[in-house]
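A short write-up of the structure that comes next.
Laboratory data are not the source of any read-out in this text; all were calculated from the coordinates shown. These numbers come from a predicted model, not from an experiment. Virtual Cβ from ideal backbone geometry, glycine too; neighbours counted across all protein chains shown.
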Amino acid sequence: MADIDKRLHYFNGQFLQDVDFNAEQAYHLDRERRHNRVMHTYGIAEGLTVTAPAGATSVSVSPGTALDGLGQLVVLTQGDSRTLQLNQQAFLSKTVLVVISYAEATSDPASVGGSGNTRWQERPNVQLVIDDANAPPVDMYLRLARLTINNAGATTATADLTPRVSAGVKLGTDVPIQTLRLSNPNLASALWPVFTAGAANRADLTGNLNVSGTANVAGATALAGGLSVTGGATIAGAANLQGGAVVTGNASVSGTANLTGGANVGGVANLNGGALVTGALNVIGNATVSGVANLQSGTVITGAASVSTNLTVGGNATITGPVNGRVIAADGTKLDSHVAIVAGNPHGTLAAQLTDYDYGKRSTVGATFTSSDADGATRTLNVGFQPRFLWFTAGSNVYASGGYYSGGPFSGFADFRGGNLQSGMYFVTYRLGSAPYSSLFAQTIQGALLNHYFYDFTLSPNQNLNLFVTITSVTSTGFVLTLNRSTSSGYNPPPSGFFLSLTMVCVG
């Protein structure tokens, strides 16, 4: 659009032609659209409501006003609502956009004095376009809705209004605002959050704060509501979080962190200063404490706790990962994890903690597998807690064939504190001739609780049966045993069978 820097200057006796009147209109249109373009953002100002329920074969657009990227007002007048048909071949099985754009055309033919039209009519275009990389520019073809159309030319769901953009105001670089209220048409106005200047160099938020990126705060942070950060939260000063603080990424506090509500950290929690938690601290990742951490209420850390100085727990704290550092535990504290590397006594100085930590959680359970169990058969053992160590104190392993028996007692263990480490007995049985079993011996096997390998050399080709039992998963309430059974093709000489019995002592 060419710049216009002239407007008409009138005087008595002036002779005006059509070019003069066109210039008058062009000047005022330029100034109006220039103001709209530089002082406002494009989008919908009012109305232009889209109606298209699920299963609809047409979409309607109500009157309204919008502003495009050139500053042109796009007005759909009363009595000019539009209806678009969806069963067009080009749109079947496609996702389309309902768009509106500025358009004008001459109208009203002259009745005297010439053969031209006497008016410009501004009547916008409302149309459907396919939603892909070739869709027209969003600032000139304003999006009103998105529709998904099936192969019958009907919508698969109600109109998606998320592509709509509201027209707004462009603010300057230094704009004093006494109160900033953030509106949401889907919420009552009383629930809209408000920013105010509560004191010198301080912004007060009435409501909750949700940050989808990284929050870097150089000074003190005081939130009476909740703090929700999807990225990392870095606070160089003191953090006073009186409501629920939720950090999906990492939380790094180099000052003092006072959490009087619940704090949920999905990543790593780095508490470089003194961390005082009077509410609940839930850390899904790791907790790294460079200073002193005082956890006075319910604290749950499902990752590892790395402590450079002291971790003082005054309430009911649960750490399900390993603890690296010195832990000073108060009475009633439960550390439900294996403390892999601890400088000093992991139980503090209380005798009660020793019982709770080493033997306070224990249960005896049993399981049996027989020849009727197929390969992959499982037994789920519920002991009421997540076991850290299992002793197989008693067991019997019997294999029967042709009236003869082999096998014997076995024992083993499983240690889950540093990974699933399993060790048990390995039986090997040979049948070489008319004697049922020529040799039998046992040795230790790693990675399984029991392995019995039976070879039958009296058959041609030689046949074998391999049985072994492993722990395949551990849960918060127990564990799962799995039988692995493999044989040579067709090897099942009747009568034959096996019986595996396990008795286990589990410790939490």
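Distance between the modelled labels on TRP192 and ASN208, one decimal in nanometres: 2.0 nm (7 Å Cα→Cβ projection). On the principal axes of its alpha carbon atoms, the range 12-99 extends 66, 28, 25 Å, with the longest extent given first.
Note on the range 1-154: along the principal axes its Cα atoms extend 68, 39, 26 Å, ordered by decreasing extent.
Taking 2.2 N^0.38 Å as the expected size of a compact globular protein, what ratio does the Cα radius of gyration of the range 60-103 give against it, to two decimals? Provide the component values of the computation, followed by the final result.
On the way: Rg = 12.8 Å, N = 44, 2.2 N^0.38 = 9.3 Å.
Rounded to two decimals, the normalised Rg is 1.39.
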